[in-house]
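Written out below as structure tokens is the structure these notes cover.
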Amino acid sequence: MPPPRRGAVRRWREGLEVLAERDGRIRAVLAEVGTPPMALRGSGFAALLRAIAAQQVSAASARAIWARLEAATGGRVTTRTVLALGPGGLCAAGLSRPKAGYALAIAEELVSGRISLRRIARMPDEEAVVALSALRGVGRWTAEVWLLFAMGRPDIWPAADLALCVALQRTLRLDVRPTPAEAARLVESWSPHRSASALLHWHVYRTAPS
């Protein structure tokens with residue numbers, strides 16, 4: 001069974017300590033940028049919608065969109081409040097029309113009981129990724145982000161994330177930025193603590209000199 005959400009932050013911190021002991025490159029970059037922020041981002045539908053909202057936009061834009069969604073729903077982003085907003089309300093909050101459609105379709109699937117995020121949350125990582133990716137608007141990156149930030153899984157590396165590839169180039173002192181496939185291979189040795197390494201590398205990206 002996958003580990004529970006409870007204790008996820010502790011596991012991430014312990015994982016980062018293990019990686020720093022095992023890999024001098026991790027130890028060096030950790031000394032340079034410090035411990036990354038580590039926190040879960042809610043669970044269930046709200047966390048999945050937050051990941052969809054963050055697709056292909058900057059982190060700042062994603063935060064702004066999410067803040068508007070929370071304001072539009074009175075601080076309760078649920079299937080019911082999202083359905084009540086409808087496409088117009090979701091677009092007014094900053095979602096693109098396709099993303100608004102994805103949000104409404106997933107909300108309807110959940111309300112109807114045709115899919116269950118609780119059931120998916122009990123699946124092993126790869127099975128959960130496949131199940132989530134069957135939903136409209138949810139690709140592998142979105143599924144992996146949900147598993148990491150909503151479910152607190154310990155061994156997730158969203159390889160398609162550009163920021164992670166950029167930061168990995170810095171950590172490993174590579175001449176060329178790795179492709180997502182290359183990045184996934186390069187971090188295999190950091191298993192089963194790849195979530196901690198992903199959190200560190202997002203922190204590396206955010207703190208890089210402009």
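General remarks:
- Single condition Ala92 does not satisfy, out of (1) among the hydrophobic types (A, V, I, L, M, F, W, C); (2) in contact (Cβ under 8 Å) with a residue 60 or more places away in the chain; (3) over 24 Å from Ala196 (Cα atoms): (2)
- Total residues in region 18-39, condition open to solvent by 80 Å² or more (accessible area, probe 1.4 Å), within 20 Å of Thr207 (Cα to Cα) and of a type outside the set (S, T, N, Q): 5
- For the condition more than 14 Å from the chain's Cα centre (by Cα) and open to solvent by 50 Å² or more (accessible area, probe 1.4 Å), Ala121 does not qualify.
- Single residue of Arg22, Arg10 found to be modelled with pLDDT of 95 or more, more than 20 Å from the chain's Cα centre (by Cα) and basic (Lys, Arg): Arg22
- For Leu147, the stated conditions hold: it is under 13 Å from the mean Cα position of the chain (by Cα) and open to solvent by less than 20 Å² (accessible area, probe 1.4 Å).
- Pairs are defined by a Cβ separation below 7 Å, a sequence spacing of at least 6 or placement on different chains, a first member in region 99-125 that is farther than 17 Å from Pro4 by Cβ and assigned to a loop (DSSP other than H, G, I, E, B), and a second member that is basic (Lys, Arg) and open to solvent by 60 Å² or more (accessible area, probe 1.4 Å); no pair meets this definition.
- Figure legend. Inter-residue proximity from region 19-30: first residues free of Cβ contacts under 8 Å to residues at least 60 places away in the same chain and over 12 Å from Ala196 (Cβ atoms), second residues part of a helix (DSSP H, G or I) and not aromatic (Phe, Trp, Tyr), beta-carbon distance below 6 Å, spacing 6+ or different chains. Indicated pairs: Arg27/Ala20.
- Pairs linking a residue in region 147-169 that is outside any loop (DSSP other than H, G, I, E, B) to a residue that is hydroxyl-bearing (Ser, Thr, Tyr) and open to solvent by 10 Å² or more (accessible area, probe 1.4 Å), with Cβ atoms under 7 Å and 6 or more positions apart or on different chains, are Ala163/Tyr205; Val166/Tyr205; Ala167/Tyr205.
For (1) polar (S, T, N, Q); (2) touching a helix residue (DSSP H, G or I) at 6+ places or on another chain (Cβ under 7 Å); (3) without any contact (Cβ under 8 Å) to a residue 40 or more places away in the chain; (4) closer than 19 Å to Phe149 by Cα, each residue gets a yes or a no:
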site: Leu172; (1), (2), (3), (4): no, yes, no, no
site: Pro180; (1), (2), (3), (4): no, yes, yes, no
site: Glu188; (1), (2), (3), (4): no, no, yes, no
site: Ser191; (1), (2), (3), (4): yes, no, yes, yes
site: Ala196; (1), (2), (3), (4): no, yes, no, yes
site: Leu199; (1), (2), (3), (4): no, yes, no, yes
site: His203; (1), (2), (3), (4): no, yes, no, yes
site: Arg206; (1), (2), (3), (4): no, no, no, yes
site: Pro209; (1), (2), (3), (4): no, no, yes, no
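- Scanning region 170-200 for residues that are part of a loop (DSSP other than H, G, I, E, B) and of a type in the set (Lys, Arg) turns up Arg173, Arg177.
- Residue in region 153-162 that is open to solvent by 60 Å² or more (accessible area, probe 1.4 Å) and under 16 Å from the mean Cα position of the chain (by Cα) present: yes
- Residues in region 127-144 that are open to solvent by less than 20 Å² (accessible area, probe 1.4 Å), of a type in the set (Val, Ile, Thr) and outside any loop (DSSP other than H, G, I, E, B): Val129, Thr142.
The values are calculated or read from the model by the stated rules, or taken from the named source; none is laboratory data. Keep in mind the model is a prediction, meaning the values are calculated, not measured. Every residue, glycine among them, receives a Cβ derived from its backbone with ideal geometry; neighbour counts consider all protein chains shown. Only protein heavy atoms, including side chains, enter the accessible area calculation; ligands, DNA and RNA are left aside. Shrake-Rupley method; radii C 1.70, N 1.55, O 1.52, S 1.80 Å.
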